[in-house]
Amino acid sequence: FFRRYEKSAEKNKITNVLSGYRVGRNLPLSKVDELFERYNGDSDVAALYERLRPLVETIGATIVFEPIKSGAIGGYSLQHNRISLNHDILTSNLFSTQDKAGVIVHEMLHAVTKYAVRTKELINQGRETGVKLPDNVLNAAQELIDIYEIIKDNEIFNNRKTSSGRDYGVKNVYEMIAELSTPEFREKLDRVQIGNHSALNWIKRILMKF
């Protein structure tokens with residue numbers, strides 16, 4: 001009974017935050033802040049959120065709560081610069097509140113890294129981007145590309161549970177950064193040594209440059 005009561009109370013709190021919000025419309029960042037604060041209890045994830053939040057605002061990414069037919073928890077469209085969060089899942093009791101906080105950060109990471117890294121890749125190819133990002137963001141994006149190239153083939157990331165046999169975080173540079181919201185992937189990154197620091201330490205240092 002008490003567990004059901006606690007879950008119901010938590011859902012009511014989230015419903016209150018979203019009061020007046022119409023599913024499918026852009027969700028103000030102030031509302032995202034409230035949801036994240038209610039969900040999160042991990043200091044590392046909180047630090048990532050604090051770094052990413054102003055960057056999401058800078059690149060002008062929109063955030064929308066909506067049903068997602070594929071059943072995915074969330075997603076980011078670089079083409080539309082739009083973060084989608086599955087309204088049905090994030091307002092249900094299917095996942096823990098900490099998992100929900102991780103989803104928000106995961107998709108913010110998708111947005112910022114895809115936007116910045118893709119911009120840097122276009123610049124490296126000598127192509128027009130039509131996007132003006134600060135030099136520190138573009139330099140950091142290049143460093144992330146470099147780190148990914150160093151770690152992508154490391155045996156630590158072998159994973160028999162995935163169809164590819166590799167951790168999702170080494171699929172590409174975008175997923176490497178996005179998977180920082182996953183404790184298991186952070187632990188593996190911490191075991192990869194690059195010079196005097198772990199890969200995780202290097203990535204944290206790079207993110208501080210954004």
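The values are calculated or read from the model by the stated rules, or taken from the named source; none is laboratory data. These figures come from a predicted structure and were not determined experimentally. Note that each Cβ is placed from the backbone with ideal geometry, even for glycine, and that neighbours are counted across all protein chains shown. Surface areas here come from the heavy atoms of the whole protein model, side chains and all, with no ligands, DNA or RNA. Shrake-Rupley method; radii C 1.70, N 1.55, O 1.52, S 1.80 Å.
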### Query
Under the rule of -39500 (n - 2.57) per DSSP H run of 4 or more residues, summed and divided by the residues of the chain, what mean residue ellipticity at 222 nm is obtained, to the nearest 500 deg cm²/dmol?
-17500 deg cm²/dmol
### Task
Provide Rg and Dmax in Å for the chain, with only Cα atoms included in the calculation.
17.8, 62
## Note on the structure
In order over region 174-180: 3J(HN,Hα) from phi, Karplus 6.51/-1.76/1.60, θ = phi - 60°, whole Hz, x for each Gly or Pro, gives 5, 6, 4, 6, 4, 6, 4
### Task
With only Lys, Arg, Asp and Glu charged, each at its Cβ (+1 for the first two, -1 for the last two), find how big the charge dipole of region 112-197 is about the Cα centre; round to the nearest 20 debye.
260 debye
### Summary
Computed for the chain: size of charge dipole around the Cα centre, +1 on C-beta of each Lys and Arg, -1 on C-beta of each Asp and Glu, debye to nearest 20, value 540 debye
### Task
Find the centroid of the Cα atoms in region 98-132 and in region 139-210, then give the distance between the two in whole Å.
16 Å
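Hey, with R₀ at 30 Å, roughly what FRET efficiency would Asn196 and Ser43 work out to, going by the Cβ-Cβ distance, to 0.05?
0.75
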### Query
If the limit is 31 Å between Cα atoms, which of Lys132/Lys161; Lys132/Lys204; Lys69/Lys114 go over it?
Lys132/Lys161
### Computed label-point distance, nm, for sites Arg205 and Val23 using a 7 Å Cα→Cβ extension
4.6 nm
### Message
I need the per residue convex hull volume for region 114-210, using only the alpha carbons, in cubic angstrom as a whole number.
### Response
105 Å³
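Please report the relative contact order for the chain, taking Cα pairs under 8 Å with a sequence separation of at least 6, and give it as a percent rounded to a whole number.
17 percent.
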### Task
Hey, can you grab everything whose amide H is under 5 Å from the amide H of Leu27? Only 5+ residues off in sequence or another chain; H modelled, so Pro and N-termini drop out.
Ile63, Val64, Phe65
### Positive-end residue, the chain charge dipole about Cα centroid, Cβ charges, pick of Gly169, Ile147, Ala111
Ala111
### Calculated over region 153-210: convex hull of Cα atoms, volume per residue (Å³)
84 Å³
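Rounded to the nearest percent, how much of the accessible area of region 115-209 (1.4 Å probe, protein heavy atoms only) is carbon and sulfur? The partial results should precede the final answer.
Numbers: 2510 of 5470 Å².
Roughly 46 percent of what the probe reaches on region 115-209 is carbon or sulfur.
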## Note on the structure
Here FRET efficiency (C-beta to C-beta, Arg118 to Glu149, R₀ 22 Å, nearest 0.05) is 0.85
